[in-house]
Amino acid sequence: MTDTLASRPLVQMNYRKVIGRALADELAHDPRVVFLGEDVGEAGGAFKTTAGLKERFGDRVRDTPISEQAIIGTAVGASLMGLRPVAEIMFADFAGVCFDQLVNTLAKYRYTSGGQASVPVTVRMANGAGAGFGPQHSQAAENWFLNIPGLKIVVPGTVPDMYGLLRSAVRDDDPVLVFEHKNLFTVKGEVPAEPDDAHLVPIGVADVVREGGDVTVVATQQMRHRAQEAAALLADRGVSAEVIDPRTLVPFDLATVAASLDKTSRLVVVQEGPPDGGWGASLISTVCTQHFELLDAAPVLLASDPTPVPYAGVLEQASLPDAARIVAAVEQLVRY
């Protein structure tokens with residue numbers, strides 16, 4: 001009988017737990033894969049995403065000193081010696097501590113070696129607001145790296161995408177930054193009961209989450225879920241919204257967005273993080289310069305307030321786009 005995805009057993013798992021599952025599957029798949037970071041072994045990770053990996057894989061899972069510079073420097077060196085390291089930066093905000101290693105060493109090594117060396121390093125970072133971690137632990141740091149050629153950036157927003165994109169990142173021969181949204185840790189979804197390469201998600205391919213004909217809404221991670229909520233509310237009001245999750249910021253799947261705009265002619269981008277210098281503004285700029293003929297109205301960017309992320313819960317939520325704000329923006333746009 002022909003083997004199909006539908007016939008293979010699946011298990012339900014949350015976003016937090018599937019991170020460790022994806023790492024375990026890659027550690028088992030390839031003996032060159034190693035994993036290092038602060039408290040990732042004995043403690044099972046700051047967010048308990050990697051519990052049990054040290055017991056199963058021994059010295060291939062290494063606890064490190066509290067030094068992001070040392071973590072990334074070690075990962076670069078290990079990759080040049082033939083390993084495929086996965087390095088964890090506990091909070092994405094701490095990427096500033098090792099920014100030089102990330103942007104001037106890791107991102108440029110293939111280029112500066114004339115293609116003689118590859119650095120297959122995966123860097124995992126917990127990012128995002130909404131979970132009450134305050135202004136120094138809640139930033140959408142993926143936007144910091146958009147201007148750095150040589151880095152791939154993935155932003156999985158569901159359990160299957162977290163599983164499939166993390167495994168694809170580990171197998172990629174170039175450095176990949178994987179951002180794991182802290183406020184999605186309890187989101188549930190299905191993954192294969194046993195390791196299955198058919199569930200790998202290719203880097204650089206967007207997901208059309210919901211089809212529609214009146215407006216295209218592009219959103220990632222936490223904002224993807226709020227956009228889906230908004231699309232359901234809009235449907236009750238007679239507005240058909242197509243929701244697209246890019247899943248990967250670099251390389252970006254512009255073709256899928258353009259194909260959607262060919263139907264809808266209207267674009268709303270929902271971005272976590274301040275509006276300036278983010279992926280949402282970049283997307284709108286690219287659409288306006290490369291696909292202006294597809295637009296019947298000026299695109300709209302919904303972003304977080306341009307302030308540090310508030311610590312108080314009510315203020316933190318007020319600073320982020322929500323379903324009501326998305327609905328209001330879409331309804332105003334479709335009037336034109």
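Readers should treat all values here as calculations from the given coordinates under stated rules, not as data from a laboratory. The structure displayed is predicted, hence computed values, not measured ones. Cβ atoms come from the backbone with ideal geometry, glycine included; neighbour counts cover every protein chain shown.
Against the chain, whose longest principal axis comes from its Cα atoms, helix 279-290 is set at around 60 degrees. A simple count of charges around F185, restricted to other residues whose Cβ falls under 13 Å of its Cβ and scoring Lys, Arg +1 and Asp, Glu -1, yields +4. Here are some pairs, K54/K182; K48/K108; K54/K108; K152/K263; which of them have Cα atoms lying more than 26 Å apart in this structure? Violating the 26 Å Cα-Cα cut-off are K48/K108; K54/K108; K152/K263. Looking at the square roots a ≥ b ≥ c of the eigenvalues of the Cα gyration tensor of region 10-199, which shape do they give, rounded for a/c under 1.5, prolate if a/b is larger than b/c, or oblate? It is rounded, given that a/c, with a ≥ b ≥ c, falls under 1.5. Where only DSSP H runs of four or more residues are counted, the chain gives -9500 deg cm²/dmol as its mean residue ellipticity at 222 nm, each run worth -39500 (n - 2.57).
Net charge of the neighbourhood of E272, taken over other residues with C-beta under 14 Å away and scored Lys/Arg +1, Asp/Glu -1, is -4.
The magnitude of the dipole of the chain, with charges of +1 and -1 set on the Cβ of Lys/Arg and Asp/Glu and taken from the Cα centre, is near 260 debye.
Once the Cβ-Cβ distance of S67 and S285 is raised to the sixth power relative to R0 = 30 Å, the FRET efficiency obtained is 0.20. Once C-alpha pairs closer than 8 Å and six or more residues apart are averaged by separation and normalised to the residue number of the chain, the relative contact order reads 16 percent. Here the extension length gained between A324 and H29 equals 101.8 nm, from 0.36 nm per residue of separation less the Cα-Cα distance. The angle between the Cα long axis of helix 68-80 and the longest principal axis of the Cα atoms of the chain comes to about 70 degrees, rounded to the nearest 10. Diffusion coefficient of region 207-335 by Stokes-Einstein, Kirkwood radius over Cα pairs, 4 °C, 1.567 mPa s: 89 µm²/s. Measure nothing fancy, just the Cα-based angle from helix 254-264's long axis to the longest principal axis of the chain, in degrees from 0 to 90, nearest 10. Long axis of 254-264 versus the principal axis of the chain: about 20 degrees. Which residues in region 272-315 have a backbone N closer than 19 Å to a point placed 7 Å from the Cα of A232 along the Cα-to-Cβ line? No residues fall inside that zone. For region 147-199, the calculated P(r), taken from all Cα-Cα distances in 10 Å bins from zero up to the bin holding the longest distance, is 23, 48, 26, 4 percent.
What is the local net charge at K54, summed over the other residues whose Cβ is closer than 12 Å to its Cβ (Lys, Arg +1; Asp, Glu -1)?
For residues surrounding K54, the net value is -2.
May I ask for the Kirkwood hydrodynamic radius of region 110-223, worked out over all distinct Cα pairs and given in angstroms to one decimal? So the Kirkwood estimate lands at 15.8 Å.
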